[in-house]
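The block underneath contains the structure these notes are about, expressed in structure tokens.
The values are calculated or read from the model by the stated rules, or taken from the named source; none is laboratory data. Worth saying up front: this structure is predicted, and the values here are computed from it rather than measured. In this analysis, Cβ positions are derived from the backbone assuming ideal geometry, glycine residues included, and neighbour counts consider all displayed protein chains. For accessibility, only protein heavy atoms count, side chains too; no ligands or nucleic acids. Shrake-Rupley method; radii C 1.70, N 1.55, O 1.52, S 1.80 Å.
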Amino acid sequence: EPEVTQTPSHQVTQMGQEVILRCVPISNHLYFYWYRQILGQKVEFLVSFYNNEISEKSEIFDDQFSVERPDGSNFTLKIRSTKLEDSAMYFCASSQQGLSSYEQYFGPGTRLTVT
Amino acid sequence: DQQVKQNSPSLSVQEGRISILNCDYTNSMFDYFLWYKKYPAEGPTFLISISSIKDKNEDGRFTVFLNKSAKHLSLHIVPSQPGDSAVYFCAAKGASSNTGKLIFGQGTTLQVKP
């Protein structure tokens, strides 16, 4: 069964450093997402991406964040200058949509620890 | 952001019995609802969904009920199995979101005892 994959599973970085989180969505999906879950809190939407551009973003997704689909298979989230409060689980998801359904399929997540 | 709420943080059920997980929402513009299951150190796994034009959807042991007037949905698992022990999230999509942005509840931890 096709699945979303994410690398790395755990990333430790120092405050102020740049990090890139990587995802490979399900191959025939058209919509891609990043969510995060801070420990003990809800899963929160960050950004959606369709047709090679951001289609929607939350207020969390400020200028420090960017997304890219560099090669038709990978989907990346970059945090330019990490802060302590960026420590969270980051989940990538993908979806087909357009079929009267909106199911999103999530990857296993990357645990980001900012020290 | 309290648009989607799961008021019970945990639920314990005996194997073979019914598990009922509840979710309330405040935004009447939500048009699609989903349930996800999450094991520790894994991502959320899609379980079942329902459009706002329906009041029930069934898939095997899982049934989701939607009561639009009460802004309430529930997930029924019958019969419950120990492998169902996980955190369950309900999520909702707004009608104005063409991209499928999901808003999640806080989750309910289900424990199914053998």
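Filtering the range A:31-41 down to residues that are at the interface with another protein chain (Cβ under 10 Å from one of its Cβ atoms) and open to solvent by 30 Å² or more (accessible area, probe 1.4 Å), which residue is farthest from the chain's Cα centre (by Cα)? Spell out the reasoning first.
Going residue by residue through the range A:31-41, those that are at the interface with another protein chain (Cβ under 10 Å from one of its Cβ atoms) are A:31-33, A:35, A:37, A:40-41.
Going one step further and asking which of them are open to solvent by 30 Å² or more (accessible area, probe 1.4 Å), we end up with A:31, A:37, A:40-41.
Numbers: A:TYR31: 12, A:GLN37: 11, A:GLY40: 19, A:GLN41: 17 Å.
Result: A:GLY40.
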Evaluate the range B:69-76: report whether one residue or more is without any contact (Cβ under 8 Å) to a residue 12 or more places away in the chain, assigned to a strand (DSSP E or B), under 13 Å from the mean Cα position of the chain (by Cα) and over 27 Å from A:GLY40 (Cβ atoms). no
Mind listing whichever residues of the range A:42-61 are part of a strand (DSSP E or B) and either at the interface with another protein chain (Cβ under 8 Å from one of its Cβ atoms) or open to solvent by less than 90 Å² (accessible area, probe 1.4 Å) (or both)? A:VAL43, A:GLU44, A:PHE45, A:LEU46, A:VAL47, A:SER48, A:PHE49, A:TYR50, A:ILE54, A:SER55, A:GLU56
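So, in the range B:78-106, exactly how many residues are in a loop (DSSP other than H, G, I, E, B), open to solvent by 30 Å² or more (accessible area, probe 1.4 Å) and within 12 Å of another protein chain (Cβ to nearest Cβ)? Explain how you work it out, then say what you get.
Applying the first criterion (in a loop (DSSP other than H, G, I, E, B)) to the range B:78-106 yields B:78-81, B:85, B:95-101, B:105-106.
Next, from what is left, pick out any that are open to solvent by 30 Å² or more (accessible area, probe 1.4 Å): B:78-79, B:81, B:85, B:95-96, B:98, B:101, B:106.
After this cut, where a residue has to be within 12 Å of another protein chain (Cβ to nearest Cβ) as well, the list is B:95-96, B:98, B:101, B:106.
Result for the range B:78-106: 5.
Please go through the range A:10-30 and give me each residue that is closer than 20 Å to A:TYR105 by Cβ, open to solvent by 50 Å² or more (accessible area, probe 1.4 Å) and not in a loop (DSSP other than H, G, I, E, B), ordered by number.
Filtering the range A:10-30 down to residues closer than 20 Å to A:TYR105 by Cβ leaves A:21-30.
When the remaining residues are screened for being open to solvent by 50 Å² or more (accessible area, probe 1.4 Å), the result is A:22, A:24, A:27-28, A:30.
Scanning the range A:10-30 gives A:ARG22, A:VAL24.
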